[in-house]
């Protein structure tokens, strides 16, 4: 009896098998072949999961899936994902439910990472948490007392707040969003505009080695992120902001600048209330959250009344 | 047996006596003599309230006070108010509790207006509401299922999100905030920079009469407000945004532009989820909320657990 967790990212996908308690016993990481479209991606994920199962001879009892949004967790379908073209209205939960003959649940990957950091990572014991995921894109999650706050279903799109009104185009179809300035993709683009050609990781490495263009690019990135965090601080007044995602592997280059910008730009009282920390789960945040989803079936939401939850319909195979 | 409500604004203060059910039976509106400092303001408010009482011969059983923040509702004190200099650490609840020999409760004026619009105004029956108050300054409130969401105590500072990173200085001590661009004060300042000298109200009137500078100033104001609403929509994914406060008396000049900007700039899915409406309580929103506070003693908060509330300590006179 095993749980299957799937964390689908624009670049990498993680598949994991966990025992009943949520302990991961086998895991694989694959490049998301997104240029081949959703059918190929789903087949590749399924194959990878079956590969893990073969070695561990377990039956899957529940599947938890994290993917970029906006999506509809109740119906288990993707609505639109800026960095996964062609995935509109994809019935993701249904696919894996049928494939493994088990109920499958879908939620926003960053919400799941937020929940994992809040419950099992940097935010344990903290009531009011905002989580930023800085990766290929930028997502966010709001966790209040261990529960996600969803608004109408997709709250926490921190990456699409407007930071520079006449800023660059964003994959969401708008422009000037935080994601268009400070995501991994945008860091590489901004560096290349200044003559440094390389990925965000390469920009960070060069910055550490003293390259001035790379260093300036990272400093500006910290300032953009700081503006985004400052706005979230002013709007939500959280106790903690957790900065996660692949780009935060460069926390050594970014965190001081983010904190300084928040201190300079958020309201003093609210800036004093908040602690800004890196995530501690690293690459494992998303898959840890997907396993939490497989365990709990539907993630509880922070709701005004404490009575209702945003349910996720079970998809029996 | 009567309730006393006090709504202290940077420009005007409203004092009202209500019956046990919250129905306002007498009300007065006075200019806030803020240049004379807090002692004079409090004495003037007290005198005004006693004047209403004289005519209605009731004993006050509870006092609800709304004032700008940040403040500490639990201790009933003001922390700092950008547009009320000299009010730092003022024990406002204590003052009125002693003056009227009744418990007194303090909360953020815009939170109270938000709650009034949500419970008795434009938002009745709506679960996820963000309220903007565009007046002398710009404040906000988050109401989830009829309860305020406070974060660490002062969530909803929508006016101090950064809209233009290198924008003008703001009274909060920072710069480029929504308030520094689109509050009543800022509308007048921006118009004067283009050669039109007059209050925000006069700018609006001139815009209606076809003055091109005034018209452009109001169009830009709508766009700034739209950016601020778009960010709140992306972060909170509310079902409704209610636009209240004195400046929204020019809703005829602003609302279309705000809606268009949100549609252009917020994520499509989240923009589709939200209805943007003017408040219906007008000038009465704040005092209606102050009376709600007097009735309920401490305003219930949206809390993750549904167990605890942000309490407001009773101040017995």
> For the stretch A:175-200, how many residues meet the condition of being under 20 Å from the mean Cα position of the chain (by Cα), more than 14 Å from chain B (Cβ to nearest Cβ) and surrounded by 24 or more Cβ atoms within 10 Å (Cβ to Cβ)?
Replying inline: 5
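Residue by residue, here is whether (1) surrounded by 14 or more Cβ atoms within 10 Å (Cβ to Cβ); (2) out of contact with any helix residue (DSSP H, G or I) (no Cβ under 8 Å at 6 or more places or on another chain); (3) more than 24 Å from residue B:98 (Cβ to Cβ) holds:
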| position | (1), (2), (3) |
| --- | --- |
| B:2 | yes, no, no |
| B:5 | yes, no, no |
| B:8 | yes, no, no |
| B:12 | yes, yes, yes |
| B:17 | yes, no, no |
| B:27 | yes, no, no |
| B:30 | yes, no, no |
| B:40 | no, yes, no |
> For residues in the stretch B:270-317 being within 30 Å of residue A:71 (Cα to Cα), at pLDDT 95 or above and within 19 Å of the chain's Cα centre (by Cα), which is farthest from the other protein chains (Cβ to nearest Cβ)?
Replying inline: B:278
> Could we say that residue A:46 is touching a residue at least 40 places away in the same chain (Cβ under 8 Å) and part of a helix (DSSP H, G or I) here?
Replying inline: yes
> Which one is surrounded by the most Cβ atoms within 10 Å (Cβ to Cβ) among residues in the stretch A:164-174 that are more than 7 Å from chain B (Cβ to nearest Cβ) and in contact with a helix residue (DSSP H, G or I) (Cβ under 8 Å, 6 or more places away or on another chain)?
Replying inline: A:170
>> Could you go through the stretch B:59-82 and let me know if any residue there is assigned to a loop (DSSP other than H, G, I, E, B) and either assigned by TED's automatic domain parsing to the domain that holds residue B:150 or over 30 Å from residue B:183 (Cβ atoms) (or both).
In response: yes
> What is the number of the single condition among (1) touching a strand residue (DSSP E or B) at 6+ places or on another chain (Cβ under 8 Å); (2) in contact (Cβ under 8 Å) with a residue 60 or more places away in the chain that residue B:262 does not meet?
Replying inline: (2)
> Out of all the residues in the stretch B:173-194, which are within 22 Å of residue A:162 (Cα to Cα) and in a helix (DSSP H, G or I)?
Replying inline: B:179, B:180, B:181, B:182, B:186, B:187, B:190
> Out of (1) assigned by TED's automatic domain parsing to the domain that holds residue A:204; (2) assigned to a loop (DSSP other than H, G, I, E, B); (3) modelled with pLDDT under 95, what's the single condition that is false for residue A:238?
Replying inline: (3)
> Can you pull out the residues in the stretch A:122-149 that are in contact with a strand residue (DSSP E or B) (Cβ under 7 Å, 6 or more places away or on another chain), in a loop (DSSP other than H, G, I, E, B) and more than 7 Å from chain B (Cβ to nearest Cβ)?
Replying inline: A:122, A:123, A:126, A:149
>> Here is a check on your reading of the model: is residue B:113 within 11 Å of chain A (Cβ to nearest Cβ) and either assigned to a loop (DSSP other than H, G, I, E, B) or in contact with a helix residue (DSSP H, G or I) (Cβ under 9 Å, 6 or more places away or on another chain) (or both)?
In response: no
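The values are calculated or read from the model by the stated rules, or taken from the named source; none is laboratory data. Everything numeric here is computed off the predicted structure, so don't read it as measured data. Positions of Cβ are generated from backbone atoms using ideal geometry, with glycine treated the same way; all protein chains shown enter the neighbour counts.
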